[in-house]
Amino acid sequence: MRCQYGVMQGRLSPPGPGRFQAFPRTSWREEFARAREAGFSYIEWIHDDYDAGANPIFSEEGREEMNRLKREHGIETPALCGDWIMEFPLIRCTEEERREREEHLRQIIGIARQMGAQRIVLPFVDNSRMTTEEDKETVLAVLERAIPVAEEHGVELHLEADLNPGAFRAFLAKAHPRVRVNWDSGNSSGLGYVASEEFAAYGERIGSIHIKDRFRKPDGGVETRPLGAGSADFHDVFRAIRSIGYQGGLTLQVARGVAGDEVHFLRTQLEFLQSFGEAR
């Protein structure tokens, strides 16, 4: 199985105050060298509200600096993770808010192409999760309107959701065929889903994969843990990945280790993952 391994932006830096995952405002430049040192070939870039005024993707000068660092360190940026959607959901908002947020989505689709990204991950989880049929219909309509813009720029829309396999398959049957799925091993294990069942239900729509591990506590809570210490069955995960002939990237969105030891910790997580990727 040949897959590229990448890392979610921010995992190569200590977290910001009160934030588990966020755009690394003060250290995004240093993460290129750290990614190469840890053994990754790409960084999945983050756009969130925390990045306001600091994210280089929003200026030509910033993107030029990014490109220079990418060339210098041999690191790509093939994906943009739209975490801003969880802060400004496209559902359960006023019509005016939705219009403004859709306009922003159209803007970042164009920016994704300019920064070298071929896909945008749209996380409809947590604060933006779909809980009703009305939510689902709203999201379908938003995606339908966004697809022509995505096609114009050659950017794929990858949807991350926490629906069970049957419900997600039914949702995708109504979605535009160019809408792809971002599958997350940690979300799956935390919800008690089985990877092979999810891939059997909608594997042909999976376009990108996030890797992490979450432990389902007896009290019903969920905790993100290092790979292998949670509830994910990585033997099943990799059987499922192979079942669809997946050749895309695996983005590590793993638990955090000790602040300041990010490169070493992520190297251990990558080695754990590679042991499954190389097994048959």
### Query
For residues in the range 207-223 being modelled with pLDDT of 95 or more and of a type outside the set (A, V, I, L, M, F, W, C), which is farthest from residue 10 (Cα to Cα)?
207
### Query
Which pairs do you get when a residue that is within 18 Å of residue 16 (Cα to Cα), found in the range 253-271, comes within reach of a residue that is hydroxyl-bearing (Ser, Thr, Tyr) and surrounded by 14 or more Cβ atoms within 10 Å (Cβ to Cβ), reach meaning Cβ atoms under 7 angstrom, with the pair 6+ apart or on two chains?
255/224; 262/13
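Every residue, every condition in (1) more than 16 Å from the chain's Cα centre (by Cα); (2) assigned to a helix (DSSP H, G or I); (3) more than 21 Å from residue 45 (Cα to Cα); (4) not hydrophobic (A, V, I, L, M, F, W, C), yes or no:
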site: 86; (1), (2), (3), (4): no, yes, no, no
site: 91; (1), (2), (3), (4): yes, no, yes, no
site: 98; (1), (2), (3), (4): yes, yes, yes, yes
site: 103; (1), (2), (3), (4): yes, yes, no, yes
site: 107; (1), (2), (3), (4): yes, yes, no, yes
site: 110; (1), (2), (3), (4): yes, yes, no, yes
site: 121; (1), (2), (3), (4): no, no, no, no
site: 131; (1), (2), (3), (4): yes, no, yes, yes
site: 142; (1), (2), (3), (4): yes, yes, yes, no
### Query
Out of all the residues in the range 163-180, which are of a type in the set (D, E, K, R) and touching a strand residue (DSSP E or B) at 6+ places or on another chain (Cβ under 8 Å)?
178, 180
### Query
Taking helices (runs of 4 or more DSSP H) that fall entirely within the range 158-237, which contain at least 1 residues that are in contact with an Asp or Glu (Cβ under 8 Å, 6 or more places away or on another chain) and among the small types (Gly, Ala, Ser)?
185-191, 195-202
### Summary
Quick count over the range 175-223, residues being surrounded by fewer than 19 Cβ atoms within 10 Å (Cβ to Cβ) and among the β-branched types (Val, Ile, Thr), is 2
### Task
Search the range 46-70 for residues that are under 22 Å from residue 85 (Cβ atoms) and basic (Lys, Arg) and pair each with any residue that is assigned to a loop (DSSP other than H, G, I, E, B) and modelled with pLDDT of 95 or more when their beta-carbon atoms are under 9 Å apart and the residues are at least 6 apart or on different chains.
63/115; 63/116
### Query
Does the range 69-84 hold any residues that are touching a Phe, Trp or Tyr at 6+ places or on another chain (Cβ under 6 Å) and either over 20 Å from residue 41 (Cα atoms) or assigned to a helix (DSSP H, G or I) (or both), and which are they?
69, 73
### Task
Output the number of residues of the range 25-53 satisfying the condition of being at pLDDT 95 or above and either farther than 23 Å from residue 122 by Cβ or assigned to a loop (DSSP other than H, G, I, E, B) (or both).
15
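The values are calculated or read from the model by the stated rules, or taken from the named source; none is laboratory data. This structure is a prediction, so every number in the text was calculated from the model and none was measured. Because the Cβ atoms are built from the backbone with ideal geometry, glycine has one as well, and the counts that use them run over all protein chains shown.
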